[in-house]
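J.: I have a structure I would like to understand better, so I am pasting it below and will then ask my questions one at a time.
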Amino acid sequence: MTQWRDYYELTKPRVVMLIVFTAVVGMFLAVPGFPNLTALVFGTIGIGLAASSAAVINHLLDARIDEKMARTRSRPLPQGKLNERQALIFAVTLGALSMLILAVLVNGLTAMLTFASLIGYAIVYTVYLKRATPQNIVIGGAAGAAPPVLGWAAVTGEVHSDALLLFLIIFIWTPPHFWALAIARKDDYKNAGIPMLPVTHGNAFTRKYILLYTILLVLITIMPYLSGMSGLIYLVTALLLGSAFLYYAWLLLKNAGLDLPMRVFRFSINYLMVLFAALLVDHYFIIRLHI
């Protein structure tokens, strides 16, 4: 039983749940009514399995780094609860199942895009970008921003401009979200030799960039309303959430302590979930108005 919990932990379940949630929102936003049930169910399963596979590969490739970081040294691989061979077999199994489900039961476009996203995060980001540049999370964020596009493609078989707008929101959200964590865990990243922005440019510089990206994020989140994709329910929610995020970013700029960055990090997760939930509620409210 304990070993199954270890396998489960390798999949980064909380991260995967957020990924799957944004993918499912993309599925519902893609159609005026209820998505095709087959695409909804198997698309969700396939995307979730692919995200889990990428998480396991990330654990596998970062195992030696994780040993040096207080935040991650209790993970299954550094603790020796599972070995690298077990993790590799698990990752390949999840990835293969994902591609099989998506290619056979959903559509080829979703399978290809999901595979590209998996490789982007698990290999390009983890192996190269994470260790190569302080802009690692900015560039690598493209893979993490893909789920709404994957969900949209699963039910429509195409990539729409509205799906790319959802991608852009998550892409711009990722740096302030992750840099807040990087400030709080700066010593960990420094000891592991990972060139996160706080390590290479300092906390003060990173705090400024968090504020700048948050301003950009607030502006980007207005675009679904301006494009006609959403209505007033979403707009009001986006502005309220954006104001709160800006307030946190401003406090972060003025506060040199390490407790606030973790509060900002946790808030940013809730921010994204509520924002996408508002998109979903607004979508069906607009449909009811037109019935």
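J.: Spelling out what I want: for every residue of segment 60-72, take phi, set θ = phi - 60°, compute 6.51 cos²θ - 1.76 cosθ + 1.60 (Karplus), and round to whole Hz; glycine and proline get x.
T.: 3J(HN,Hα) across segment 60-72, in whole Hz: 5, 6, 9, 4, 6, 5, 4, 4, 8, 10, 4, 5, 10.
J.: What does the charge count near residue 201 come to, summing +1 for each Lys or Arg and -1 for each Asp or Glu among other residues with Cβ under 15 Å from its Cβ?
T.: Working: positive: 186, 190, 207, 208; negative: none.
Spelling it out: positives minus negatives among the neighbours equals +4.
J.: At 7 Å along the Cα-to-beta-carbon direction for both residue 89 and residue 204, put a label point, then send me their distance in nm to one decimal.
T.: Those two pseudo-labels are separated by 5.4 nm.
J.: Counting only protein heavy atoms, what percent of the accessible surface of the chain is carbon or sulfur at a 1.4 Å probe? Before the final figure, lay out each step's value.
T.: Working: 8930 of 13400 Å².
On the chain, the fraction of accessible area on carbon and sulfur atoms equals 67 percent.
J.: Here is a follow-up. Note down the net charge around residue 176, summing +1 for each Lys or Arg and -1 for each Asp or Glu among other residues with Cβ under 12 Å from its Cβ. Let's see the in-between values first.
T.: Working: positive: 207, 208; negative: none.
My count for the surroundings of residue 176 gives +2.
J.: Could you pull out which residues in segment 165-195 have an amide N less than 15 Å from a spot 7 Å beyond the Cα of residue 68, following the Cα-Cβ vector?
T.: Of the residues in segment 165-195, 186-195 have backbone N under 15 Å from the label point off residue 68.
J.: Distance between the C-alpha centers of segment 194-213 and segment 111-190? Whole Å please.
T.: Here the answer is 18 Å between Cα centres.
J.: Need one word for segment 161-290: rounded, prolate or oblate. Basis is the Cα gyration tensor (sqrt eigenvalues a ≥ b ≥ c); a/c below 1.5 gives rounded, then a/b vs b/c decides. Mind showing how you got there, number by number?
T.: On the way: a/c = 2.76, a/b = 2.34, b/c = 1.18.
Because a/c hits 1.5 or more and a/b exceeds b/c, segment 161-290 counts as prolate.
J.: For residue 36 and residue 4, what does the FRET efficiency come to when R0 = 35 Å and r is the distance between their Cβ atoms, rounded to the nearest 0.05? If you can, show how the numbers build up before the last one.
T.: Details: r = 33 Å, r/R0 = 0.93.
The pair residue 36/residue 4 has a calculated efficiency of 0.60.
J.: Over the chain, average the accessible area per residue using a 1.4 Å probe and give it in Å², no decimals. Display every interim value, and only then the final one.
T.: On the way: 13400 Å² over 291 residues.
Result: 46 Å² per residue.
J.: Right, something else. Would the chain count as rounded, prolate or oblate if I go by the C-alpha gyration tensor, calling it rounded below 1.5 in a/c and otherwise prolate when a/b exceeds b/c, oblate otherwise?
T.: Oblate, because a/c is 1.5 or more while a/b does not exceed b/c.
The values are calculated or read from the model by the stated rules, or taken from the named source; none is laboratory data. Predicted model, so just to flag it, every value in this text is computed and none were measured. So basically every Cβ, Gly included, is an ideal-geometry build from the backbone, and we count neighbours across all protein chains shown. Side chains are part of the model used for accessible areas, which takes the heavy atoms of the whole protein and leaves out ligands, DNA and RNA. Shrake-Rupley method; radii C 1.70, N 1.55, O 1.52, S 1.80 Å.
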